[in-house]
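For reference, the structure is listed below as structure tokens.
The values are calculated or read from the model by the stated rules, or taken from the named source; none is laboratory data. Since we're looking at a predicted model, the values are computed, not measured. Here Cβ is always computed from backbone atoms with ideal geometry, including for glycine, and neighbour counts include all displayed protein chains. Just the protein is used for accessible areas: all its heavy atoms, side chains included, with ligands, DNA and RNA removed. Shrake-Rupley method; radii C 1.70, N 1.55, O 1.52, S 1.80 Å.
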Amino acid sequence: MEIRWVHAFVAVAEELHFGRAAARLQMAQSPLSQTIRKLEKDLDVPLFERSTRNVALTAAGHAFLPHAYQLLENVDIARQAAQASTGGVYGHVRIGFTGVLNHRALPPLTRALRQRYPNVELSLVGRIMTRDAVVQLESGALDLAFVGLPVQSAAVHTRLIRRDPFGVVLPADHRLAGASEIDLLDLADEGFVTTPLSAGSSLQETAMRACLDAGFRPRIVQEITDPFMILMLVASGVGIALMTSGLNDILPPGTVFVPLTGDPIYMNHGIAWSTKSMPDALRVTLETSEEILPTPSVIEM
């Protein structure tokens, strides 16, 4: 078994498309297919189910994937150990993030890392909701992720980095757009734009629970995964959305943010990482995050 075969397998397993995987590896599709066949022959099991339309992992492929990640990580650790003798920190950190929800946290962290540790390669993976982030941290596909807290996983460590109170984003011409505060129950008859329940978004789960606690189940008129597109749909008059105050400074034209009355409903933003290993690149990333994104000193309850 050759390391390049494992790299090829991981690329196809993540893309589930030979063409995209070949482009990612900067090679032609035919040699990639041959490489996968060599690995399957070496393991004596098929790793992918192939058809004219779809590529899917077999049971053997699913079983091999976490070990493939571990193999590649061990190669990186070995490389780092060899390079460490020359000074500095080397390595690769894969960071998962949702998107616009992380606009205050991701840029300052990555800027600091690139300035302080130029030999640490960062791979940023977008549109990763909390539930998927935990799965990918557990499997080794991600090293660090921005998540909503709490997270229920013995294999993942977390740290709180910010708490944002919820409010409602309304079209600028909405009847309540001029209010200084809004009672959540006053929105019971409105149409809501949200992320899909199946997406595993902590934002959506917290907002849904708040509505239920207020005494109503929100009427969802549109579901879309990208939080910024939710704001765009509100601007288009499709519906309203429960969002956190952290988005107030990047609202699209045609929308307003109005706080909610009563006790604040918080979205707890955090970072999460696997408990399985701590290579130097991840260690310095976490150390930098403690400085750039410190845990709030006062936690409101």
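Annotations for the structure displayed:
- Distance from region 175-208 to region 214-234 (C-alpha centre basis), Å: 7
- Value of Rg/Rh across region 1-110 [Cα atoms, Kirkwood radius]: 1.05
- Solvent exposure of region 190-301 amounts to 46 Å² per residue of accessible area, where only protein heavy atoms count and the probe is 1.4 Å.
- Vicinal HN-Hα couplings computed from phi for region 186-198 (Karplus, 6.51 cos²θ - 1.76 cosθ + 1.60; Hz; Gly/Pro x): 5, 9, 4, 8, 7, x, 9, 9, 9, 6, x, 4, 6
- Virtual spin-label span in nm between Ile292 and His17, 7 Å along Cα→Cβ: 3.0
- Amide proton proximity set for Arg94, modelled H, under 5 Å, gap of 5+: Ser123, Asp143, Leu144
- Extension gain, His103 to Ala210: 0.36 nm times the residue separation minus the Cα-Cα distance gives 36.1 nm.
- DSSP-defined beta bridges in the chain - what % are antiparallel, rounded to 5: 65
- Solvent-accessible ranking of Ser289, Ser245, largest area first, probe 1.4 Å: Ser245, Ser289
- Accessible area per residue in Å² at 1.4 Å probe, computed on region 36-126: 57
- Helical runs (DSSP H, four residues minimum) scored at -39500 (n - 2.57) apiece and divided by the length of the chain put the mean residue ellipticity at 222 nm at -12500 deg cm²/dmol.
- Overall, the accessible surface of the chain at a probe of 1.4 angstrom is composed of carbon and sulfur to the extent of 52 percent.
- Kirkwood Rh (inverse of mean 1/r, distinct Cα pairs), region 150-295, angstrom: 16.6
- Globularity index of the chain is 1.15 (Cα radius of gyration / 2.2 N^0.38 Å, N = number of residues).
- Where labels lie 7 Å past Cα in the beta-carbon direction, separation of Ala59 and Gln222 in nm: 4.4
- Contour excess over end-to-end distance, with Cα ends at Ala112 and Gln152 and 0.36 nm allotted per residue: 11.5 nm
- Each residue of region 129-143 was assigned a 3J(HN,Hα) from its phi angle through the Karplus curve 6.51 cos²θ - 1.76 cosθ + 1.60 (θ = phi - 60°); the sequence is 6, 4, 4, 5, 4, 5, 4, 6, 5, 5, 7, x, 5, 10, 9 Hz, with glycine and proline shown as x.
- For region 116-219, the average shadow cast by the Cα convex hull is 9.6 nm², which is a quarter of the hull's surface.
- Segment Asp44..Ala172, full-extension length gain: 39.9 nm, with 0.36 nm per residue of separation and the alpha-carbon distance subtracted.
- The residue list Tyr69, Ala23, Met243 was ranked by how far each Cα lies along the charge dipole of the chain toward its positive end, using unit charges on Cβ atoms, and Ala23 comes out on top.
- Between 0 and 90°, nearest 10: helix 106-116 axis offset from the chain longest Cα axis: 40
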